[in-house]
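Trainee: Quick one: the structure is below, questions incoming.
The values are calculated or read from the model by the stated rules, or taken from the named source; none is laboratory data. Only a predicted model underlies this, so the values are computations on that prediction, with no experimental measurement involved. Cβ placement follows ideal geometry from the backbone for every residue including glycine, while neighbour counts extend to all protein chains displayed. What goes into the accessible areas is simple: the full protein's heavy atoms, side chains included, and nothing from ligands, DNA or RNA. Shrake-Rupley method; radii C 1.70, N 1.55, O 1.52, S 1.80 Å.
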Amino acid sequence: MELLPRSPGEFGSARYWDRFFRQRGQRPFEWYGAFPELCPVLHKYVRPRDKVLVVGCGNSELSEQMYDVGMCEDIVNIDISDAVIRQMQERSGSTRPKMSYLLMDMLQMDFPDAHFQVVLDKGTLDALLTDEEEATIAKVDQMFAEISRVLQVGGRYLCVSLAQAHVLKKAVEYFSQEGWVVRVHQVASSGDKQQFVLPVFVYVMTKFRKIPGSAPQILEICPEEQDKPMRMESAEQLVAAVKDRQHYALLCSQISKTPCREQVSLDLCDKESGKPRYTLHVVDSPSVKPSRDNHFAIFIIPQGRETEWLFGTEEGRRQLAASAGFGRLLTVALHREQHYEGMAGIQAELSGKVMELAPPGLPARQQVPFLSVGGDIGVRTVRHCDTSPLSGEYVVEDVKGDGSCYFRRLVFLRNRNVVQSEARLLAPTPPQGQKKRRKDKKKLSPTEPPGAIDKSYLCCEHHKAMVAGLCLLGGPDALPGELAVLVVGLGGGSLPLFVHDYFSQARVAVVEIDPSMLEVATHWFGFCQDDRMQVHISDGLDYVAKLAAEAPAQYNAIMFDVDSKDLTVGMSCPPPAFVEKPFLQKVKSILKPEGVFVLNLVCRDAQLKESVLATLRDVFPLLYTRRIEGEVNEILFCQPSPEGRRDPAELGARARALEGALRQPGRPWDSSYALADMLQAVHIL
């Protein structure tokens, strides 16, 4: 039986609707939800004494149910289908004497001006506005003009709709320009099971007298019926907010029916500010054999650890899900701008929402566990936040790592999932003369002052590899004597500080384009300058070009650890200009013949990466590469002479010798450095 039109244009045809209702018979056709779903919204805007007009009533039971529950009795229903009007008159004439059904075209209504307090439209606008052709828009304008005419000032036009973008945009723009207040409610569910996956919305347009001039538009959205309205700045922002909710509904429908082949990511936002509060990843593990208790679990990532490989990468989350032993694992990352009331508070806040993302086959009333590391939500304390003209918004924060260690991090908020710089914090020391028994040992809390920066520790694996690359320097001694090092890119200063402190005869020049980063490194990461460490505030491109013109061949080692400000390029480190052939030739010219150029390369674009490597090979005859496991980083060791070529065994021996020379009595050394291990995976390009 054909119950839907062959083309959308037939929605405006009286002939089509006569045929539709004759074929359907007495069964109600509930467009976009039945009364129980719509009732919470309608109760807010329909009063018992209101005179209500329902346009395009069809054979929906909505008017009858409103009448029967006492919401309102003075209801006039109109439709262009004679068949359905006769049907509804027979059905309600004797039992609902105050309600009427009239054959009438809503584009040309016979009612006097300002006759109704409420006009109710359930799917009629959607049926009329099937396209954006000129003739269709003219009909919609006529419909809106008639609704405006028959409504009193202060009256409400309630439009139940699927909120296609062009439909919502047309309604919002028309009525907001007329000075009406526009509010969009999301209905709790879509009602009839045969209906659409998309959520249902109710536009509430409240009529006000139009004020001459440019009065501010009042546009609001209520995501759920119990929520307070959120103010929107423009029609475009309102349409985008509705679109987000539609995409979420489609996503929930899709993943509730079939397993996810790829990981799905979405944000849940704070109701007041609209900013992301939780970032969710849906990870399915097809290899997990389903049982009653392992269908679904929620994993709360401790604050500050969302950038770690296990939690911040697809492969890491896949491994986490497999080791957890659940068919579907939902990982939840917490945002630094938000406050959380512990694990119990997060569980209470998320319980309803996460069940919308449950996998197919989840048993009814199944208890879904919330998991975490150590059972807590971690510790994150923001120490400083500011904005740099060059780097944008940034934040310095202290976070608790795995175990009892605390770390200080610099994060650029334009790329908030990447830690720009990191340093380990030493535990606070008790006052002099005060001894603590082991059982009284106190852990660092978010409110007490943190310990000093542990300058002996390199947190970043790529920094360890860059230091290990110094064993490529020529000469018989493992630890070079006087050493001239140029570091481009300061960040928190950990790399140049380590070179300065552990290579006691090294003279380090650091080039940093952003003066704000020097302030951050000095005030928050323990960086300091002296006669062997000098920072130059300059563009690295200009500084190297100047050196090449003035005094070539002066550095034993040059290290590039500089990020790109342009996130549209598939290479986030370094900026593309730093790996162009003319500039690399300048780098080579200021490097001593036995020196080494160390480059931190972060490139996700395979074609661009191959182009960069080809350019490096053209300039430097000897090129080693070291991939950082679990990260995109690749460390490139470039030498200006092929005579310095060494096989992996020799590299390992030199790295072990360098490590031994750096491990001096009384000087802290972390076993994780293992410089020889850092060079085990090096291969020659």
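Trainee: For the stretch 320-348, how many residues are buried (at least 16 other Cβ atoms within 10 Å of the Cβ) and either of a type in the set (Lys, Arg) or not in a loop (DSSP other than H, G, I, E, B) (or both)?
Mentor: So the count comes out to 12.
Trainee: Taking the options LEU268, LEU280, name whichever one is surrounded by fewer than 21 Cβ atoms within 10 Å (Cβ to Cβ), within 16 Å of the chain's Cα centre (by Cα), of a type in the set (A, V, I, L, M) and modelled with pLDDT of 90 or more.
Mentor: Just one listed residue meets the conditions, LEU280.
Trainee: Every residue in the stretch 53-73 that is open to solvent by 40 Å² or more (accessible area, probe 1.4 Å) and of a type in the set (D, E, K, R), please.
Mentor: GLU61, ASP68, GLU73
Trainee: I'd like to check something: does the stretch 283-292 contain any residue that is crowded, with 18+ Cβ neighbours inside 10 Å and not hydrophobic (A, V, I, L, M, F, W, C)?
Mentor: So far as the stretch 283-292 goes, yes, one or more of its residues are crowded, with 18+ Cβ neighbours inside 10 Å and not hydrophobic (A, V, I, L, M, F, W, C).
Trainee: Continuing with this model, one more query. Residues MET143, MET205: which one is part of a strand (DSSP E or B), assigned by the TED database to the domain that holds ALA83 and not polar (S, T, N, Q)?
Mentor: MET205
Trainee: I've got another one for you. Could you grab the pairs with beta carbons closer than 7 Å, sequence gap of 6+ or different chains, first residue in the stretch 382-398 and more than 12 Å from VAL411 (Cβ to Cβ), second one modelled with pLDDT of 90 or more and acidic (Asp, Glu)?
Mentor: THR387/GLU393; SER388/ASP514; LEU390/ASP514
Trainee: Looking at the stretch 553-567, which of the residues that are open to solvent by less than 60 Å² (accessible area, probe 1.4 Å) and among the hydrophobic types (A, V, I, L, M, F, W, C) is nearest to the chain's Cα centre (by Cα)?
Mentor: Residue satisfying both the conditions and the ranking: VAL562.
Trainee: Going by what's in this entry, would GLY526 be described as in the same structural domain as ASP618 (by the TED database) and crowded, with 23+ Cβ neighbours inside 10 Å?
Mentor: Answer is no for this residue.
Trainee: Here is a follow-up. Inside the stretch 594-614, can you point out the residues that are under 35 Å from the mean Cα position of the chain (by Cα) and in contact (Cβ under 8 Å) with a residue 12 or more places away in the chain?
Mentor: If the condition is that a residue be under 35 Å from the mean Cα position of the chain (by Cα) and in contact (Cβ under 8 Å) with a residue 12 or more places away in the chain, then VAL598, LEU599, ASN600, LEU601, VAL602, CYS603, ARG604, ASP605, LEU608, LYS609, VAL612, LEU613 are the ones that fit.
Trainee: Go through (1) touching a Leu at 6+ places or on another chain (Cβ under 9 Å); (2) in a strand (DSSP E or B); (3) surrounded by fewer than 19 Cβ atoms within 10 Å (Cβ to Cβ); (4) in contact (Cβ under 8 Å) with a residue 60 or more places away in the chain for ARG414 and report which single condition fails.
Mentor: (2)
Trainee: Restricting the search to the stretch 228-255, which residues are open to solvent by less than 50 Å² (accessible area, probe 1.4 Å) and touching a Leu at 6+ places or on another chain (Cβ under 8 Å)?
Mentor: MET232, SER234, ALA235, LEU238, VAL239, VAL242, GLN246, TYR248, ALA249, LEU251, CYS252, ILE255
Trainee: Quick test of your reading of the structure: ARG604 fulfils all but one of (1) modelled with pLDDT of 90 or more; (2) surrounded by fewer than 22 Cβ atoms within 10 Å (Cβ to Cβ). Name the failing condition by number.
Mentor: Result: ARG604 fails condition (1) only.
Trainee: I'm trying to understand the selection: among the residues of the stretch 263-294, which are in contact with a strand residue (DSSP E or B) (Cβ under 9 Å, 6 or more places away or on another chain), part of a loop (DSSP other than H, G, I, E, B) and among the acidic types (Asp, Glu)?
Mentor: Within the stretch 263-294, ASP270, GLU272 qualify.
Trainee: Could you please give the count of residues in the stretch 309-319 that are of a type in the set (Lys, Arg) and open to solvent by less than 40 Å² (accessible area, probe 1.4 Å)?
Mentor: 1
Trainee: If you go through the stretch 361-405 one residue at a time, how many are hydrophobic (A, V, I, L, M, F, W, C) and open to solvent by 70 Å² or more (accessible area, probe 1.4 Å)?
Mentor: Number satisfying all stated conditions: 3.
Each row is one residue, and each column tells you yes or no for (1) open to solvent by less than 40 Å² (accessible area, probe 1.4 Å); (2) modelled with pLDDT under 85.
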| site | (1), (2) |
| --- | --- |
| GLU2 | no, yes |
| GLY9 | no, yes |
| LYS44 | no, no |
| ARG47 | no, no |
| LYS51 | no, no |
| ILE75 | yes, no |
| GLN87 | yes, no |
| GLY93 | no, yes |
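Trainee: Sticking with this one: Looking at THR615, THR625 in this structure, which one is more than 14 Å from LEU472 (Cβ to Cβ), outside any loop (DSSP other than H, G, I, E, B) and hydroxyl-bearing (Ser, Thr, Tyr)?
Mentor: THR615
Trainee: Right, next: Being over 24 Å from VAL602 (Cα atoms), in a helix (DSSP H, G or I) and more than 31 Å from the chain's Cα centre (by Cα), is that true of even one residue in the stretch 575-591?
Mentor: yes
Trainee: So ALA484 fits all but one of (1) assigned to a strand (DSSP E or B); (2) without any contact (Cβ under 8 Å) to a residue 40 or more places away in the chain; (3) of a type outside the set (Lys, Arg); what number is the exception?
Mentor: All conditions are met except number (2).
Trainee: Give me the pairs, please: first residue somewhere in the stretch 62-90 and within 17 Å of GLN108 (Cβ to Cβ) and in contact (Cβ under 8 Å) with a residue 60 or more places away in the chain, second residue anywhere and in a loop (DSSP other than H, G, I, E, B) and open to solvent by 10 Å² or more (accessible area, probe 1.4 Å), beta-carbon distance under 8 Å, and either six or more positions apart or on two chains.
Mentor: Pairs that qualify, where the first residue is within 17 Å of GLN108 (Cβ to Cβ) and in contact (Cβ under 8 Å) with a residue 60 or more places away in the chain and the partner is in a loop (DSSP other than H, G, I, E, B) and open to solvent by 10 Å² or more (accessible area, probe 1.4 Å), are ASP79/GLY56; ASP79/CYS57; ASP79/MET104; ILE80/GLY56; ILE80/MET104; ILE80/ASP105; ILE80/MET106.
Trainee: Somewhere in the stretch 13-21, is a residue modelled with pLDDT of 90 or more and in a helix (DSSP H, G or I)?
Mentor: no
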